[in-house]
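The block underneath contains the structure these notes are about, expressed in structure tokens.
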Amino acid sequence: MKLKTISITVGSGVWIGGGVRVMPGVSIGDGAVIASGSVVTKDIPAGVLAAGVPCRPIRPITAADRMLP
């Protein structure tokens, strides 16, 4: 039996919560945050908070959301 693999692409600085499922061929943009338990079935753009089943962008991540040192 011949298996076909389809990769995923995860950008720089991405946070992925526990129990997230990422389907084959999906890309997650730089700096995105994927909420726990989400099922990512489509590409997620850079710099957004995304959640749900199926996962979808909820809102952009702003400077106010970033942790300060």
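The values are calculated or read from the model by the stated rules, or taken from the named source; none is laboratory data. Computed from a predicted structure; not experimentally measured. Here the Cβ is made from the backbone with ideal geometry for all residues, glycine too, and neighbour counts use every protein chain on show. Surface accessibility is based on the protein's heavy atoms, side chains included, excluding ligands, DNA and RNA. Shrake-Rupley method; radii C 1.70, N 1.55, O 1.52, S 1.80 Å.
As a test, work out the antiparallel percent of DSSP beta bridges whose residues both lie in the range 1-68, rounded to the nearest 5.
Roughly 30 percent of the DSSP beta bridges within the range 1-68 come out antiparallel.
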Computing the accessible area with a 1.4 Å probe over protein heavy atoms, can you report the carbon and sulfur percentage for the chain? 61 percent
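With the other protein chains left in place, how much accessible area per residue, in square angstrom, belongs to the chain at a 1.4 angstrom probe?
Per-residue accessible area for the chain comes out at 71 Å².
Could you work out the relative contact order of the chain? I mean the mean sequence separation of Cα pairs under 8 Å and 6+ apart, divided by the number of residues, in percent. Mind showing how you got there, number by number?
On the way: 157 pairs, mean separation 15.9, N = 69.
Normalised by residue count, the contact order of the chain is 23 percent.
If you add up the charges near residue 26, with Lys and Arg at +1 and Asp and Glu at -1, over every other residue whose beta carbon is less than 9 angstrom from its beta carbon, what do you get? Don't skip to the answer; put the middle values down first.
Numbers: positive: 42; negative: 43.
Summing Lys/Arg as +1 and Asp/Glu as -1 gives 0.
Efficiency by 1/(1 + (r/R0)^6): what FRET value for residue 65 and residue 4, r their Cβ-Cβ distance, R0 = 35 Å, to the nearest 0.05? List each step's numbers first, then the result.
Values: r = 38 Å, r/R0 = 1.10.
The formula returns an efficiency of 0.35 here.
Mind checking the dipole of the chain: about its Cα centre, +1 per Lys or Arg Cβ, -1 per Asp or Glu Cβ, Debye to the nearest 20? Before the final figure, lay out the partial values.
Numbers: 7 positive and 3 negative charges, 55 e Å.
The calculated dipole for the chain is roughly 260 debye.
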